[in-house]
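Structure record follows, encoded as structure tokens.
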Amino acid sequence: MDQHIRIVAILYIILGALGLLAAIAVLAIFLLGAGAAGMSGDPEGMTGALASGTCGTVLAVFIAVLSLPSIIAGIGLQKRKEWARILTIVLSVLNLFNFPIGTAIGAYAMWALLDARSKAYFTG
């Protein structure tokens, strides 16, 4: 069972890292758009640049904040922490709605972490 828990930990770290990359990409796209609007010379372009930059920053921070618990859970699972098991189960339930990849990862993680042997793995 410990091999399945290690796989779940790695999967959640990867999911979190991909989320952080998505946040960086969103931020870059919105800021490039804001820069283009700001350099257009149009007086309303500055307003558009401000709006685009603000929306992109808020969206990127939102995506990053949603991605960090996955990384934290994965690292905690690798260190055999019981709180990480519970956090991963909660994240797995939420991942079930992310069809199809999130559903598969969430179901696999729940199968691995709700087993009686995995509970013993974390309690020692």
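The values are calculated or read from the model by the stated rules, or taken from the named source; none is laboratory data. Only a predicted model underlies this, so the values are computations on that prediction, with no experimental measurement involved. Only protein heavy atoms, including side chains, enter the accessible area calculation; ligands, DNA and RNA are left aside. Shrake-Rupley method; radii C 1.70, N 1.55, O 1.52, S 1.80 Å.
Taking all protein chains into account, the per residue accessible area for the chain stands at 60 Å² (1.4 Å probe).
Could you tell me the center-to-center distance, by alpha carbons, between region 33-48 and region 74-117 in angstrom? About 44 Å separates the Cα centre of region 33-48 from the one of region 74-117.
Taking all protein chains as present, what is the carbon and sulfur share of the accessible area of region 80-124, in % to the nearest whole number, probe 1.4 Å?
Accessible surface attributable to carbon and sulfur in region 80-124 totals 71 percent.
With only Cα atoms counted, the chain has Rg and Dmax values of 19.3, 66 Å.
For the chain, the longest principal axis of the Cα atoms and the long axis of helix 43-78 meet at an angle of about 10 degrees.
3J(HN,Hα) along region 9-22, derived from phi through the Karplus expression 6.51 cos²θ - 1.76 cosθ + 1.60 where θ = phi - 60°, amounts to 4, 5, 4, 6, 5, 5, 4, x, 5, 5, x, 5, 5, 5 Hz, with x in place of Gly and Pro.
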